[in-house]
Structures are given as structure tokens and as C-alpha cells.
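Below is one structure, written out as C-alpha cells; comments come after it.
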Amino acid sequence: MATFQGRTDWAEEEDEDSVQLPQQTITKNKDGTETITTWSIRDDGKKVKTTRRIKKTVVKQVVNPRVAERKHWSKFGLEKAKPAGPQTDTTSIAENISFRPMANWKASAEDKSETDKKKNNLKDAKIKCRICSGDHWTTKCPFKDTMAPEGEAATSAEMNDEPEAAGGLGAGGSSYVPPHLRGRGGAGEKMGGKYERDDLATLRVTNVSEFAEEQDLRDMFSRFGHVTRVFLAKDRETGRAKGFAFVSYADRTDAAKACEKMDGYGFGHLILRVEFAKKST
Amino acid sequence: MRPILLQGHERALTQVKYNADGDLIFSVSKDHVVCAWYSHNGERLGTYHGHQGALWTVDVHPSSALLATGGADNTMRLWEVKTGRLLHTWEFATSIKRVEFSPDGRQLLGVTEKRSGHLSTIVVYEIDPDVDAEQTDEQSLRIVCDESKATVAGFSYGAKYIIAGHEDGTVSQYDAKTGELLLNITVHEPDMQITDLQWSADRTYFITASKDKTAKLVTTNDLEILKSYTTDTPLNSAAITPVKDYVILGGGQAAMDVTTTSARQGKFEARFYHKIFMEEIGRVRGHFGPLNYVAIHPKGTGYCSGGEDGYVRVHHFDKPYFDFMYEVEREQANL
């Protein structure tokens, strides 16, 4: 502040800056509050003026003299010579807990958990008809009398499927190699590259209705496991499905299960044909 | 409500106690050390060193000058609260499961464990409340529990009776002068250990907690069961709150099963029941292990709990706790 002429050392000039800040001012307001104005310099060198308005209230608390005396006891044992106040290594404040006593707390808590559970269930599982895979319960299905549920349909469809395959329709009995037999042709083929892993758990779905959407397929197939990819071939001009699709699973066993279950599944007035995708050559 | 977490112990807490004014908390754990804390901010006042085994129990003299502890090193010790100085050691053949001062602070009671040919006993010593006085080694009373071992015990109002809880679920009433067994009532399920016994403010009734998942409110004079609180977990502790008509129950999965249960299933919560309507009104979560002891502030402004997880959690109740009333209570209050 004052002894500027005595300074020759330029290095101390910086200190000088902070000293030159205006003094903190305290003004008493009419409503009993105080306004405190302080100045400081931020890290980036800008001067900051801070104005705080505070209200002082005196809180009188009657403390039991015994308690008051004990508050000034010196610490001992492991705490010996430690400063006053809670030590961070032994004392901490836990997160806030809202505790609100309630009449029939139990009932309300149980209710909550029950509804939560239901909600979760609904979130996970969509209502789906086992006959037509519409979003209604199977018992309410309009096709209940005319179509068999999925599982039976699959078996019956399979029976139909066999002669069909023998008749040469589709790719039945063709060059399909089951995954466990793959790679026998040569070690080189095994290192198939980036599609290798995909192929193991990818199903080729044919005879798909041309009105099908990718989401329909995803919904149907995700019943058996985590579906990583659904590809539905579409006509570029009409935007309609071309009639085949690929569904990839994260897990091969899920894919196998889906293949078994969904082959012969009736979807949109057509019977799906599901098989493991052939190796892309 | 922001609980204060006290992390002074390295092993499971076994008992926590407020002093008579409620400004200090004493905690004992299986790590051989006794800790004293200020209840208002959780500051540790000091530690008491000398025990050679796990500590099971602690009690503070009504004057807050003396502290008694008992543990698995087969000793019961008396300490000066202010300095942590060891004043006296009583040695026994087995470990001490429970100590308690009489309401006037003239007597100290200890419950010894049953082991290796030694029966469980309740011993009483006369205590000189002066810190520098020489304490006597002579037992003024010795009650042998030959039927079922005592797990907890305490002095009734005016030190008239000694009430003890037993391993077989019974509670017995002894004459505190002669040691004569006056009453023995099966309060809890047979062969379900009574784990805690805490008094109401005037000691005319008490609450017992048991492994049979219930806590009972029992009168001192004729051991009549007034109320019963049923929970879904074995209980380790129960406390009666002054000011409001609640009881706090603490428990959880047995310590040995803890590793196989998650904190959610373990039911490691302090449960609040309405004392009169026997209905659960809320829970306070926080511990990672079963609650081994809950202690209530003598003025009813807060409580603390010691858990198997090695933490003491100190809670200061806030407004909803004091405001809560049943419809009937509100009507009564408005009359």
C-alpha cells in the first residue's frame, strides 16, 4: 500500500497487485442486514467484486453445564493431541436419508414394491399372442379356433416341410453345413474374417411376408435371446420386403433354439422357414 | 436426516450407549477398543485401551464419570470417562456378556457367560461413584443361572429387582437384595435367545428383543407382556423412545450368513414401530450388516446404531419424526 518506493525487486510486484485491491467494506442496512463487499483477483487475473448480504441472528441455547464442561475435555487415547472438531478419518456424514413415519407403512411399502414388480414385468415382456403374435392374450385371439399355437404349429409345419424340402423347393438338403461341421474343408476357411462370428449365430429366414417390418421380426426372434442384428431385404423401389431376412443372435445356442422353434411358424399368412445362414462366399 | 458415520472400529460393533445427558456415545466392538464420541457432531473424544479380547458390553455411570466394560478376555473393567484411565479390573472365569449400572449408580451388574464347567452368573458389585476411590472386589450378590444361561440383565426402578433375559427365551425377575428368583416367564419362543433388554425411562417396563423375530414390551413388576412387535428377521436389539411412543428394533440376518445375502435381503434396517399400536411405521436403511445394537438418546432427539459392518451411525431425528401422529392421537391432542 504505502511503502512502494522502498521496493526494487520486480518479482514482488505481483504481490503488490493484490494489496492494491480496495479494502473490504461492511455497510449496515436499515433492515438489520449487513452488506459485505470484498475484492479478489481470480486465477485469470480479473478483478472480482463479491457482494454478500448477511443477516445476523443471535440464537440463545441453554446448555446443561455438565455437557458444556465435557465439550472442553481434552482428547485421549488414539485421539490424543488431535485438534478439536471431528476428524475426517473417524467421522463422516452419510448421505441424506428421508425418514417419515407413516401409519400402515408396511402396506404402503408392499404396495409399492408390488406395483413396481408388475411394471417391470410389463416393461420386459410384451403381451403377445402365441397364435398370431398380435398384441393380445392368446385366449383372446380371433384365430384361436382356426390356428394352432406356435409350438404345435411348428411341429405340424415341420412335417409339411420335410417332403417339401425333398421336392427340391427352397434350399433344403443343399450345401448347408451345420456349424459344428464347418471348417472341416480346410483350416483356411475357418479364418473366415469378420463375418465368421456372425455366421455362427445368424439365421436366414425365408418366406417372409412382403408386408413384414424389421421390428416385427425383432420382436418375434428376441423371445429366444438377445438379437444383435436383424436385416430384412427390401425392394429398393417399392420398399416392400423381398421375402427373406437375416437375424443374428449374440449367442449361438439362442440361435439354435430360435431356429428350431421358428421354423414353420405362421407369420402374416405365410409359414416361415428358418435355417442357419450359409457361409457367405 | 443426515446420519453421522463413526468409523472408529475395525470390527463388528457389539454395543453402543448414550450417557445420561445424551452428549456422549460409547461404543465397543470386537476389536478390543472402547471409543467415546460426542453425539452432536460425531467427534471422537478418546479411546480406552487395556482389554485383551473382544468387547461385548459397555455401560456408563449415571454421573458420566465412570464407564464399565466387559469382554471376552474374562474381565470387567472400570474406566474414568474423562481421561481413559483404567480404574479397576475384575477377573472372571468366563467372558462378560453384559454390564449395567443401577439407576442410582451405586451398584454394577455383570453377566458372565456359561462355559467349560462354569455356569452363567449374574454378579453385583457395590460401586463407589468417586473416580479416585478404591473399588471393592467383593461381590455383594451372586446369582447362578443353572437352568438356562442369562444373556442380558438389568436393574429395575430403584434397583428393586434384577431382570434377566435367558437363552431359552424366558425372562426372570430376581430380588436385587437377596438374589431370590421371584418369577420366571417364557416371554419369547422357547429356545430362542433373548438378545437385548432395554428399559423405559422410568424402568417400570422394558423391551426384549429375541432371535424369534419378535420384540416384547414387558412390565417389571409381574413380567406381563404388554405389547408384541413382530418382524421378519432375527432381532439383536430393541429400544424404547422417550418423547414419542415408538420402539426401534434392529437386527438382520445372522452374522455368519451375511456374506451370502445382499444388503437388500439382509434386512439391515432399523425398524420403527408404534409402541402402542404395534404397527411398523418406517425403516431407516444404511448399515451393510445386521444391527447389533440400537441406542436411543435419553431425550429422544436421536438414536445411534452399531452394526456388524463396523460402523456406528448416529441419527438426529428431524421434524417428520416428531410430527407424526395417528389419527386417534391427533384427536386426543386436539381435545
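A few points about this structure:
- Checked against the criterion of being open to solvent by less than 10 Å² (accessible area, probe 1.4 Å), touching a residue at least 24 places away in the same chain (Cβ under 8 Å) and on the phi > 0 side of the Ramachandran plot, segment B:53-61 has no qualifying residue.
- Listed conditions (1) among the hydroxyl-bearing types (Ser, Thr, Tyr); (2) exposed (fewer than 15 other Cβ atoms within 10 Å of the Cβ); (3) modelled with pLDDT of 75 or more; (4) within 17 Å of A:Phe276 (Cα to Cα) are all met by A:Tyr195, apart from (3).
- Count of residues meeting criterion [within 26 Å of the chain's Cα centre (by Cα) and either among the aliphatic types (A, V, I, L, M) or not in a loop (DSSP other than H, G, I, E, B) (or both)] in segment A:247-281: 9
- Taken over segment B:311-335, the residue count meeting the criterion of being within 12 Å of another protein chain (Cβ to nearest Cβ) and either among the small types (Gly, Ala, Ser) or within 22 Å of B:Thr233 (Cβ to Cβ) (or both) is 4.
- Of all residues making up segment B:114-133, the number that are more than 16 Å from B:His61 (Cα to Cα) and over 20 Å from the mean Cα position of the chain (by Cα): 5
- Filter result for B:Glu279 (away from chain A (no Cβ under 12 Å), without any contact (Cβ under 8 Å) to a residue 12 or more places away in the chain and not small (Gly, Ala, Ser)): no
- Hits in segment B:21-55 (condition: among the aliphatic types (A, V, I, L, M) and either facing chain A (nearest Cβ under 9 Å) or in contact with an Asp or Glu (Cβ under 7 Å, 6 or more places away or on another chain) (or both)): B:Leu24, B:Val33, B:Val34, B:Ala36, B:Leu45
- Per the listing B:Thr47, B:Thr69, B:Thr57, the residue uniquely hydroxyl-bearing (Ser, Thr, Tyr), touching a helix residue (DSSP H, G or I) at 6+ places or on another chain (Cβ under 8 Å) and part of a strand (DSSP E or B) is B:Thr47.
- Top-ranked residue in segment B:161-187 [being of a type in the set (S, T, N, Q) and in a strand (DSSP E or B); ranked as nearest to B:Leu141 (Cα to Cα)]: B:Gln173
- A single member of A:Val67, A:Val48, A:Val62 is without any contact (Cβ under 8 Å) to a residue 60 or more places away in the chain and under 18 Å from B:Asn41 (Cβ atoms), and it is A:Val67.
The values are calculated or read from the model by the stated rules, or taken from the named source; none is laboratory data. Note that the coordinates shown come from a computational prediction; the quantities given were computed from them, not determined experimentally. Please note: Cβ atoms are built from the backbone with ideal geometry, for glycine as well, and neighbour counts cover all protein chains shown. These accessible areas exclude ligands, DNA and RNA; they are computed on the full protein's heavy atoms, side chains included. Shrake-Rupley method; radii C 1.70, N 1.55, O 1.52, S 1.80 Å.
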